[in-house]
Each structure stands twice: as structure tokens, then as C-alpha cells.
Amino acid sequence: MTHSVTMTVNGKSVSGKVESRTLLVQFLREHLGMTGTHVGCDTSQCGACVVHVDGKSVKSCTMLAVQAEGGKVTTIEGLAPSVDKLHPMQEAFRENHALQCGFCTPGMVMSAIDMVKRHNYQLDEATVRRELEGNLCRCTGYHNIVKAILAAAPAMKSAGV
Ligand code: FES
Ligand code: FES
């Protein structure tokens, strides 16, 4: 059965026809061509597919596109305020060498932003490590990712994002 869905993605209203079983990540990647959101597993463990739905981080492989009907979705493509300026979390990942192959990075960044906000911009290393349980990285050993998130928290606060 097909359904029409409409949602806001990165501030823009988008619509499409999807099957009932179409996942949000498939809608983003295959219908909208927004391939910044990655798929790294088929067990909902890796977190490469994390996006924000109505301000909360969600594994977009665990949600149907129809469940996001009328919602506000933000993906990695929607974070940077302009082409020559990154979001403070993206900048912190760049500055702290928190990525190697970059495959996990979109999901890491989206989870990290939600984490910083939920903890009111105040995080310690143990909290960051615990909160990253749902995001897997095969490259970095996590040390620089943790450093980046700790550095981004005050930067996000001063930038008011
Ligand atoms: S693709 Fe969604 S958790 Fe791995
Ligand atoms: S940077 Fe390669 S998987 Fe994380």
C-alpha cells in the first residue's frame, strides 16, 4: 500500500509517495537523494543513521517514513549555517581529528548535538562515553570523538545553538 507523506526536512517542506514499510532513512536517501544520513547495519545498533525528528535524535532506520508525517526532520545536511561555516559540533570534530573514514560521523554528530542539549551544555567524559553507546565507530577508538564533543558543548552554548 502506498501513502503520501509530507514533512519538513532541514527547513524545507517535502512530500513523496512511499510504501507502508519505507523507513525514514530510505525516504531521506532514496526519495530525497540526501545521502548524508548513512546506513551501517541492519540491526539498529550502529547509529550511522541518526537524525533529529522534532528536535530529538532518532535512529532513522527504526522509524517508518509515515511516522514522520508532519514532523520536522534535521539531517547532517541541515546543520551548517552557511556553505563556509560549520555547526560548532562539526567544527569540533574537524579540529579534534574525530573522524577517519567519516562513515559514522553524521550519526555521531547528530547524536552528540542532542546529547549536549539534553545535558544543558555540561558534560563530562564518563557521560559522553555512556551516551555514545548507540553509535559505533570502526576507525577512531573514540578518544577524539569524546574530546570533540566535550569541546563542542561550550562552543554550542556561546553560539546559542
Ligand atoms: S543503520 Fe540505523 S542503527 Fe545502523
Ligand atoms: S570514522 Fe570511520 S567508522 Fe567512525
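Would you check if LEU123 is within 16 Å of ligand 2 (Cβ to nearest atom), modelled with pLDDT of 95 or more and of a type in the set (A, V, I, L, M)?
Working: within 16 Å of ligand 2 (Cβ to nearest atom): no; modelled with pLDDT of 95 or more: yes; of a type in the set (A, V, I, L, M): yes.
So LEU123 does not fit the description; no.
Just give me the residues in segment 71-109 being in a loop (DSSP other than H, G, I, E, B) and more than 16 Å from ligand 2 (Cβ to nearest atom), in sequence order. Listed by number, the residues that qualify are GLY71, THR75, LEU79, ALA80, PRO81, VAL83, ASP84, LEU86, HIS87.
Only strands (runs of 3 or more DSSP E) wholly contained in segment 1-70 count here; list those with 1 or more residues that are at pLDDT 95 or above and among the polar types (S, T, N, Q).
Numbers: elements: 2-9, 12-19, 50-53, 56-59.
In segment 1-70, 2-9, 12-19, 56-59 are the strands (runs of 3 or more DSSP E) which contain 1 or more residues that are at pLDDT 95 or above and among the polar types (S, T, N, Q).
Here's the yes/no breakdown for (1) in contact with a Cys (Cβ under 9 Å, 6 or more places away or on another chain); (2) more than 30 Å from LYS17 (Cα to Cα):
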| position | (1), (2) |
| --- | --- |
| THR75 | no, no |
| PRO88 | no, yes |
| ARG94 | no, yes |
| MET115 | no, yes |
| ASN120 | no, yes |
| ALA126 | no, yes |
| CYS139 | yes, yes |
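Of all residues in segment 20-37, one or more are in contact (Cβ under 8 Å) with a residue 12 or more places away in the chain and within 16 Å of ligand 2 (Cβ to nearest atom).
Out of the residues in segment 124-147 that are charged (D, E, K, R) and away from ligand 1 (no atom under 16 Å from the Cβ), which is surrounded by the most Cβ atoms within 10 Å (Cβ to Cβ)? It would help to see each step written out before you state the result.
Of segment 124-147, the ones charged (D, E, K, R) are 124-125, 129-131, 133, 138, 147.
Restricting the remaining residues to those that are away from ligand 1 (no atom under 16 Å from the Cβ) gives 124-125, 129-130, 147.
Values: ASP124: 11, GLU125: 12, ARG129: 14, ARG130: 10, LYS147: 18.
Among those that are charged (D, E, K, R) and away from ligand 1 (no atom under 16 Å from the Cβ), it is LYS147.
The residues on offer are THR43, THR22, THR6, THR62, and the sole one that is farther than 18 Å from MET110 by Cβ, open to solvent by 30 Å² or more (accessible area, probe 1.4 Å) and within 16 Å of ligand 1 (Cβ to nearest atom) is THR43. Within segment 67-123, the set of residues being touching a residue at least 24 places away in the same chain (Cβ under 8 Å), among the acidic types (Asp, Glu) and open to solvent by 20 Å² or more (accessible area, probe 1.4 Å) comprises GLU69, GLU77, GLU91, GLU95.
The values are calculated or read from the model by the stated rules, or taken from the named source; none is laboratory data. Keep in mind it's a predicted model, so treat the numbers as computed, not measured. We place every Cβ from the backbone using ideal geometry, glycine too, and count neighbours over all the protein chains shown. Each accessible area value is taken on the protein alone, full model and side chains, heavy atoms only, with ligands, DNA and RNA left out. Shrake-Rupley method; radii C 1.70, N 1.55, O 1.52, S 1.80 Å.
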